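Q: Before I ask anything, let me first share the structure, which is written out below as structure tokens.
Just so it is clear, none of the values below were taken in a lab; they were calculated from the coordinates. From a predicted model like this one, the values you see are computed outputs, not experimental measurements. Positions of Cβ are backbone-derived with ideal geometry, glycine not excepted, and every protein chain shown enters the neighbour counts.
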Amino acid sequence: MKTKEQSKHTILSSWLRENIANNTFSVGDKIPSENELANTFHFSRQTVRQAIGDLVAEGILAREQGSGTYVSIPPVKPVQDKTMRIGVVTTYLDDYIFPSIIHGIEEVLTAEGYTMALGITHNKQADEENCLQKLIASGVDGLIVEGTKSALYNANETFYTRLKEKNIPTVFINGYYHNYNGSYVVLDDRKAGEMITDILIDNGHKGIGGIFKSDDIQGLRRFEGMQLSIKKHKQPVIDEAYLWYTTEDFKYLINGGMDKMILERLEKTSGVVCYNDQVAVALINLFKRNNIRIPEDKSLVSFDNSFLAKEMVYNLTSVVYPSKKVGKKAAQLLLQCLNNPLYTEQVKLDPSVKIRGSVTNLNS
């Protein structure tokens with residue numbers, strides 16, 4: 001049961017919140033002194049001190065010794081009634097890694113009584129905008145989002161700002177936008193790129209090429225990791241052997257019309273780092289069309305360790321993508337953010353590699 005003193009300090013802290021929210025007291029402004037507030041509200045100094053202390057503890061106010069108390073940050077807007085719905089936005093749904101991600105998210109959220117509302121962007125910024133509009137309109141308590149074309153300018157920054165204003169937390173997975181300082185869960189792609197390239201170099205490969213996706217941040221990070229490995233081992237850099245593609249261009253890269261260019265670019269290589277298993281499979285098929293054997297003539301490594309990488313399919317050495325773990329961790333992190341809107345955490349999961357038969361040992 002609340003005491004009279006507790007009721008009074010709650011009244012005063014609510015008054016301060018309201019006046020900070022409506023900019024009567026803006027960030028950096030000094031609020032009235034304890035004596036002034038005590039006289040205005042006819043409260044005891046202890047009550048005033050407790051009300052201010054609550055807001056100091058939340059980071060909304062900051063005390064400066066000998067100077068007074070100042071507004072530090074705007075107060076978190078009051079939480080609306082919960083919908084018990086979480087929006088989950090991914091680039092695709094039926095590609096090999098996404099069912100496990102969704103399953104991991106669902107497992108955690110269902111245990112806490114939440115349901116999911118799914119949105120698919122096909123890695124198109126207009127589709128992401130449409131998904132966000134619909135989810136905001138229908139009502140969600142939080143979002144788990146795989147950003148669209150995350151290596152490029154965030155065309156939907158306005159919508160993410162609106163989500164913050166509505167006190168709706170967002171956790172990004174797989175990638176995040178440039179200069180993003182919120183919560184995310186990703187694989188450490190730079191470290192993964194270094195590890196998978198180390199395998200080629202450790203097996204005696206000196207000419208290493210790569211095919212990477214340029215509009216998603218994972219492609220840039222994996223390329224950076226490859227470069228770290230090449231520099232670390234003092235291997236030659238073959239600039240012409242690095243090929244880049246965008247979401248829309250991939251189909252043209254693999255349909256046969258560009259075989260001659262790709263083969264010329266990779267001519268000086270003995271090993272190739274592929275952005276993911278799908279790219280590796282496309283490159284294997286290209287090599288088969290041109291009588292190049294894997295791994296005897298060219299060695300390949302890739303990312304995701306999907307069903308395509310299995311021994312009975314394409315037998316690829318591939319970085320393991322912990323899809324279910326990503327989904328579960330993202331959902332757990334979002335629940336933390338729902339409990340504390342000021343909380344953020346940036347998670348990078350350590351990579352591992354599954355060794356298979358797509359790399360030949362040149363050391364012997």
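Q: Does anyone have the angle between helix 189-202 and the longest principal axis of the chain? Alpha-carbon axes, 0 to 90°, nearest 10?
A: That works out to roughly 20 degrees.
Q: Sort S13, S299 by Cβ crowding within 10 Å, fewest neighbours at the top.
A: Values: S13 22, S299 25.
Final ranking by Cβ density, sparse to dense: S13, S299.
Q: While we're looking at this one, here's another question. Which of M261, M195 comes first, and how do the rest follow, when ranked by fewest Cβ neighbours within 10 Å? Walk me through the numbers before you get to the answer.
A: Values: M261 11, M195 18.
Ranked by crowding around the Cβ, least crowded first: M261, M195.
Q: What are the ³J(HN,Hα) couplings of segment 33-46, residue after residue, when phi is run through the Karplus curve with 6.51, -1.76, 1.60 and θ = phi - 60°? Round to Hz, x for glycine and proline.
A: 5, 4, 5, 4, 5, 4, 5, 5, 9, 6, 9, 6, 4, 4
Q: Expressed as a whole number of Å, what is the distance separating the alpha-carbon centroids of segment 86-133 and segment 219-282?
A: Between the Cα centres of segment 219-282 and segment 86-133 lies a distance of 29 Å.
Q: Sticking to Cα atoms, compute the Rg of segment 189-322 to one decimal and its Dmax as the biggest Cα-Cα distance, whole number, in Å.
A: Cα radius of gyration and Dmax of segment 189-322 are 13.4, 36 Å respectively.
Q: Who wins for biggest fluctuation among V347, V186, V71 in a Gaussian network model of the chain, springs between alpha carbons below 10 Å?
A: Checking each option, the largest mean-square fluctuation is seen for V71.
Q: Relative to the Cα centre, what is the charge dipole magnitude of segment 4-71, using +1 at the beta carbon of each Lys and Arg, -1 at the beta carbon of each Asp and Glu, and rounding to the nearest 20 debye? Each step should come with its number before you reach the end.
A: Values: 7 positive and 8 negative charges, 34 e Å.
Roughly 160 debye for segment 4-71.
Q: Hey, another quick one. For a quick check of your reading of the filter: which GluC sites (Glu not before Pro) in segment 68-142 sit in a DSSP loop and have no more than 15 other Cβ atoms within 10 Å?
A: Values: sites: E106, E107, E112, E128, E129; in loops: E112.
Hits after loop and neighbour filter: E112.
Q: On to the next question. With +1 assigned to the C-beta of every Lys and Arg and -1 to the C-beta of every Asp and Glu, and no other charges, what is the dipole magnitude of the chain about the Cα centre in debye, to the nearest 20? Spell out each step's value before the answer.
A: On the way: 42 positive and 43 negative charges, 87 e Å.
That gives a dipole near 420 debye.
Q: So, one more: Rounded to the nearest 500, what is the chain's calculated 222 nm mean residue ellipticity when only DSSP H runs of at least 4 contribute -39500 (n - 2.57) each, over all residues? Please list the in-between numbers first.
A: Numbers: 12 runs with 148 residues, N = 364.
Helix contribution divided over all residues of the chain: -12500 deg cm²/dmol.
Q: Specify the angular offset, from 0 to 90 degrees and rounded to the nearest 10, of the alpha carbon long axis of helix 277-289 from the longest principal axis of the alpha carbons in the chain.
A: The two axes meet at around 20 degrees.
Q: Same structure, new question: Please express the Cα-Cα pair-distance distribution P(r) of the chain as a list of whole percents, one per 10 Å bin, running from 0 to the bin with the greatest distance.
A: Binned Cα distances yield the sequence 5, 21, 24, 18, 14, 9, 6, 3, 1, 0.
Q: About its Cα centre, what dipole magnitude does segment 189-322 give when the only charges are +1 on Lys and Arg Cβ and -1 on Asp and Glu Cβ, stated in debye to the nearest 20?
A: The calculated dipole for segment 189-322 is roughly 240 debye.
Q: Something else now. Is there a pair in K82/K213; K124/K329; K82/K124; K30/K328; K124/K231 whose C-alpha atoms are over 32 Å apart, and which pairs would that be?
A: Details: K82/K213 39 Å; K124/K329 25 Å; K82/K124 30 Å; K30/K328 43 Å; K124/K231 35 Å.
From the list (K82/K213; K124/K329; K82/K124; K30/K328; K124/K231), the Cα-Cα distance tops 32 Å for K82/K213; K30/K328; K124/K231.
Q: Something else now. List the residues of segment 248-289 whose backbone N lies under 12 Å from a point placed 7 Å from the Cα of D127 along the Cα-to-Cβ direction.
A: Only 248 fall inside the zone, counting backbone N under 12 Å.
Q: Over the chain, what is the percentage of antiparallel beta bridges among all DSSP beta bridges, to the nearest 5? Show your work: numbers first, answer last.
A: On the way: 8 of 43 bridges.
Bridges in the chain that DSSP calls antiparallel: roughly 20 percent.
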